[in-house]
Amino acid sequence: MAHDALERGLIVGDRPDGDGSIALPPATKRGSVLRRLPEAEGWRCWPLPVVEGAVGAFRLPEDAAPVTIEAPSGRAMTLAPGDLMLGTAGHRESTRWVVGSVPEGGLRVGETYWILADCGIVGTLLGDSPRQKGHLAPVTCLGAVHDEAGRPLTLARFALAGGPLLGAPAAASPCATSSAAASSCAASSAAPSPAPVPPVAVPPVFLVLGTASEVGKTTAALGLLRALRRSGRGRVLALKATGTSSVTELHAYLDLGAAPCLDAVDFGLPTTYPSERPGIEPVFAAMLTWCLGQPVDAVLIECGGDILGANVPTFLRTLVAHAPRTRVVLAAADSLAALGAKSVLAEHGLTPILLTGPCTDTPTIQARTQRLCGIPAMNLARGDDLVL
């Protein structure tokens with residue numbers, strides 16, 4: 001029984017009420033993927049499956065080692081053995097860290113799952129790399145979380161335009177959502193309303209892509225942001241369009257003057273995985289329509305991961321339809337990776353204006369990359385000034 005499974009996952013003092021739910025303390029720890037949600041006043045955990053994008057309660061076992069997750073503020077927060085954590089079910093397909101998924105029907109009460117990302121994504125662990133990960137740990141699913149009115153809490157309910165954006169003034173209360181939106185448990189079905197209509201004129205768009213994880217995409221994007229600001233484009237919107245959410249990464253853009261700073265969470269999705277998922281294109285279209293319609297001097301976009309996964313190909317097709325003059329900076333691991341990525345991007349009608357990353361680490365490989373690809377190459381990790 002789900003009720004019995006819920007009770008087994010609780011520690012002393014967290015006893016279910018007669019309806020099978022338990023009250024959650026307002027100060028319950030939560031992952032940064034829930035950063036758009038309000039304080040947990042009157043929230044209750046119900047013995048119901050946790051579907052993708054729905055808020056769920058999870059317990060770190062009493063015999064587990066402490067783990068670290070990212071708090072909504074962006075700070076590293078420790079989960080101690082026995083701690084309760086609020087997060088969401090989600091998919092992840094990292095080529096360098098962790099791979100996991102959400103089983104059909106969602107995460108079941110009483111079953112053991114894993115923290116797949118430090119932002120608080122939980123799901124079935126399919127595999128991981130040998131690299132050390134401070135967040136990866138098993139947790140027990142206690143159930144889905146509802147608000148004081150009994151409505152399911154989901155990322156979709158608080159997607160744009162509901163709560164405040166990073167780097168933007170506070171908007172209306174995120175609780176001011178329609179009953180139709182409130183009844184939706186699946187974040188993947190959410191898109192801002194009304195239906196997106198591409199703006200007639202769009203600001204200049206700069207896109208940073210990489211051939212793999214950890215090849216200097218964020219470093220390149222921050223160098224590009226500095227160059228945009230120096231060129232007189234004072235208002236720059238930053239968007240991490242694909243991959244897994246990270247408030248720490250968004251804060252890096254915020255610190256250099258970008259505002260607002262957004263990712264998939266702001267549009268109702270915990271991540272943009274799995275690859276080739278159905279229904280992702282309307283989410284990307286809504287994302288781009290909103291961003292390109294803002295009163296900014298430039299839009300800076302980073303795609304997490306590589307150019308083959310995380311639905312980046314779908315995003316590129318959508319982006320070209322909305323902003324065909326997008327300028328691309330490509331971070332590549334080596335010269336051959338840069339050449340291969342150039343060919344892939346050509347299929348989307350895109351040509352990089354600059355190559356960077358490890359393919360430019362020394363004069364030898366920088367010259368080889370530039371000669372092989374016929375594109376200017378610069379190592380932005382050294383802090384070299386980029387002129388636009």
Taking every pair of alpha-carbon atoms in the stretch 288-382, give the share separated by more than 16 Å as a whole percent.
56
Just to be sure I understand: if I project the alpha-carbon convex hull of the chain onto a plane and average over all orientations, what area do I get in nm²?
18.7
Taking a cut-off of 27 Å between Cα atoms, list the lysines near Lys217, but don't count ones fewer than 8 places away on the same chain.
Lys133, Lys240, Lys342
Once both labels are modelled 7 Å past Cα along the beta-carbon direction, what's the Ala64-Val320 spacing in nm?
4.3
The long-range amide H neighbours of Arg92, using H built 1.01 Å from N in the peptide plane and a cut-off of under 5 Å, are Gly100, Ser101
Sorted by chain and number, the residues with a modelled amide H under 5 Å from that of Ser21, at a separation of 5 or more or across chains, are none
Just Ile307, Ile121, Ile365 to compare: in a GNM of the chain, with alpha carbon springs under 10 Å, which one fluctuates most?
Ile365
For the peptides 105-114, 379-388, what is the packing order when you average, over each peptide's residues, the other Cβ atoms within 10 Å and list the highest mean first?
105-114, 379-388
If amide H atoms are modeled at 1.01 Å from N in the peptide plane, then the residues at a separation of 5 or more from Leu207, or on another chain, having amide H under 5 Å from its own are Ile301, Arg327, Val328, Val329
Evaluate the distance, in nm, between pseudo-label points positioned 7 Å from the Cα of Thr28 and of His251 along their respective Cα→Cβ axes.
2.4
Can you compute the modelled spin-label distance between Arg230 and Thr362, with each label point 7 Å from Cα toward Cβ, in nm?
2.7
Estimated translational D of the stretch 205-382 in µm²/s (Stokes, Kirkwood radius over Cα pairs; 20 °C; 1.002 mPa s):
133
Highest mean first, how do 228-239, 213-224 rank when packing is the count of other Cβ atoms within 10 Å averaged over residues?
213-224, 228-239
Take each of the peptides 69-82, 260-273, 136-149, average the number of other beta-carbon atoms within 10 Å over its residues, and list them starting from the highest.
260-273, 136-149, 69-82
So between Ala346 and Ser275, what do we pick up on full extension, going 0.36 nm a residue minus the alpha carbon distance?
23.5 nm
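All of the numbers you see were taken from the coordinates with simple rules; none came from a lab. On a predicted model such as this, the values are computed, not experimentally measured, just so you know. We place every Cβ from the backbone using ideal geometry, glycine too, and count neighbours over all the protein chains shown.
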